[in-house]
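The values are calculated or read from the model by the stated rules, or taken from the named source; none is laboratory data. If you're wondering where the values come from, they're calculated on a predicted model, not measured in any experiment. No Cβ is skipped: glycine too gets one built from the backbone with ideal geometry, and neighbour counts run over all protein chains shown. Surface areas here come from the heavy atoms of the whole protein model, side chains and all, with no ligands, DNA or RNA. Shrake-Rupley method; radii C 1.70, N 1.55, O 1.52, S 1.80 Å.
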Amino acid sequence: IIIRPDIEPSKASLITLSTGVAIAKTIRKLGIDAKIKWPNDIMVGSEKIAGILIESIPHATGGHICIIGVGLNFQPQEIDGKNTAGVWQYAPDVRPESLLKALIHEINRDIQFFFIHSFSTFQTAYTAGCRDIGQDVVIMRDEKTVTEGKVLGVDGAGALLLESAGEVKKIVSGEVSL
């Protein structure tokens, strides 16, 4: 999906979180217990079923465009020694075209809502759908532990709020590991 948002490029990461809400919601409508793994993965249990990648690039006439990429597994597989979940293992009768149409509709609707109301309106939905809330996690960068603590939620800017050593830290990048 390509959009031309009227937001600062530094806020493009919030589009990822809003898109995650839309994807998890769409997958849950199939009866699959999909949860968001901050910031850009959709999980079923401990297995990834979808991922999101946003790229923001300058536009020739000014401003920028965002390219929203979504990878969705239909069949479970093993990638880098990790098992993934697949839509068809939970909902074998789903047609890819129907799911794609539903995903595009939900993402477009939620992105428009995001542009009108900001990410803060998604905080409740994001928190409700985030598998990490209340969990003790390790934050990794470049395969090294950066910090660890208990996930409290996300703030209005999309940062992960982590209680660690008696203080609340705002995490803006990294890999969450349970």
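Of all residues in the range 22-37, those being hydrophobic (A, V, I, L, M, F, W, C) and open to solvent by 10 Å² or more (accessible area, probe 1.4 Å) number 1. The residues of the range 112-133 that are closer than 13 Å to LYS25 by Cβ and aliphatic (A, V, I, L, M), listed by number, are ALA125, ALA128. Would you confirm whether any residue within the range 47-61 is outside any strand (DSSP E or B), in contact (Cβ under 8 Å) with a residue 12 or more places away in the chain and either of a type in the set (D, E, K, R) or crowded, with 18+ Cβ neighbours inside 10 Å (or both)? No; the residues of the range 47-61 include none that is outside any strand (DSSP E or B), in contact (Cβ under 8 Å) with a residue 12 or more places away in the chain and either of a type in the set (D, E, K, R) or crowded, with 18+ Cβ neighbours inside 10 Å (or both). Any residue that is among the hydroxyl-bearing types (Ser, Thr, Tyr) and closer than 29 Å to VAL94 by Cα - is there at least one of those in the range 25-37? Checked against the condition, which is being among the hydroxyl-bearing types (Ser, Thr, Tyr) and closer than 29 Å to VAL94 by Cα, the range 25-37 yields at least one hit. Listed by first and then second residue, the pairs linking a residue in the range 63-87 that is over 19 Å from LEU53 (Cα atoms) and free of Cβ contacts under 8 Å to residues at least 12 places away in the same chain to a residue that is part of a loop (DSSP other than H, G, I, E, B) and of a type outside the set (Lys, Arg), with Cβ atoms under 8 Å apart and 6 or more places separating them unless they lie on different chains, are GLN77/GLY86.
Annotation: of all residues in the range 27-80 being among the small types (Gly, Ala, Ser) and in contact with a helix residue (DSSP H, G or I) (Cβ under 8 Å, 6 or more places away or on another chain), the one that is farthest from SER173 (Cα to Cα) is GLY31. Considering the conditions (1) open to solvent by 20 Å² or more (accessible area, probe 1.4 Å); (2) under 26 Å from GLY86 (Cβ atoms); (3) among the polar types (S, T, N, Q), THR19 is excluded by exactly one of them, (1).
Which one is nearest to ILE15 (Cα to Cα) among residues in the range 101-141 that are modelled with pLDDT under 90 and aliphatic (A, V, I, L, M)? Ranking the qualifying residues of the range 101-141, first place goes to ILE111. Would you check if SER10 is within 23 Å of GLN112 (Cβ to Cβ), open to solvent by 60 Å² or more (accessible area, probe 1.4 Å) and either in a strand (DSSP E or B) or free of Cβ contacts under 8 Å to residues at least 24 places away in the same chain (or both)? Answer is yes for this residue.
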